[in-house]
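Below: the structure, in C-alpha cells.
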Amino acid sequence: MLADAATSVAAILGLLGAWLWGWRWLDPAIALVTSLVILRWSRGLLRQTISVLLDAQAPAELRTVVRERLESVAGGRVADLHLWSVGHDAWTLVASVVCHAPASPAMYKAALAGIDAIHHPTVEIHHCTACRSPGAHG
C-alpha cells in the first residue's frame, strides 16, 4: 500500500510540475522512476509467492535446529523430515521419528516450542522393534 500511495503522489507531482512550469518531461520521468519502484517491489513479492506455491524447503539452519530438538526427546532419531514454506517466514513440519522409549507426539511438539516460524507440526512416532528383542543392541 505504501508503494502504491507513493507512486500516486509522485504522479500528481509530475502532472502539477508539467502544468505549472511547462515541464512536460517531468510526468514521463516520474512514471519511469515509479515503474522501477513497482518492479523492484513486485520482484520481492513474486519471489516469496513462488517459494510458497512451490513448497520451498526450509533453510538448512532451521532444518538442523528442528532435527536436533526432535532427536533430544526420548533418544529419538529423525527418520524423515519435511519442512516446507506456507507463507513468508512460515513453515509446516511433518516428521517421522524412531524412538526407543515410550514417547508421545506432544513431547516432540513441546521440544519445538519457541520456534515461532513452525505452524501445525505433525510428528509420527515409530517405536524401534529391534529394541524389544533381548540383546538386540548390545
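Read-outs throughout are calculated quantities, based only on the coordinates presented, and are distinct from any laboratory measurement. It should be emphasised that the depicted structure is a prediction, and the values quoted were computed from it without experimental measurement. In this analysis, Cβ positions are derived from the backbone assuming ideal geometry, glycine residues included, and neighbour counts consider all displayed protein chains.
Across region 87-102, rounded Karplus estimates of 3J(HN,Hα) from the backbone phi angles (6.51 cos²θ - 1.76 cosθ + 1.60, θ = phi - 60°) give x, 5, 6, 9, 10, 10, 10, 10, 10, 10, 10, 9, 10, 9, 9, x Hz, Gly and Pro being marked x. Taking amide hydrogens as placed 1.01 Å from N in the peptide plane, the amide H of Glu124 sits under 5 Å from those of Ala95, Ser96, Val97, each at least 5 positions away in sequence or on another chain. Taking Cα atoms, how many degrees apart are the long axis of helix 2-21 and the longest axis of the chain, rounded to 10 and kept between 0 and 90? That helix lies at roughly 10 degrees to the long axis.
Which order do the peptides 42-48, 10-16 come out in when sorted by mean C-beta neighbours inside 10 angstrom, highest first? Display every interim value, and only then the final one.
Numbers: 42-48: 11.0, 10-16: 14.4.
The peptides rank, most packed first, as 10-16, 42-48.
Computed on the chain, with alpha-carbon pairs under 8 angstrom and 6+ residues apart, the relative contact order is 16 percent.
Grab the DSSP H runs of the chain that are 4 residues or longer, score each as -39,500 (n - 2.57), total them, divide by all residues and round the 222 nm result to the nearest 500 deg cm²/dmol. The partial results should precede the final answer.
Values: 4 runs with 67 residues, N = 138.
Helix-only estimate at 222 nm: -16000 deg cm²/dmol.
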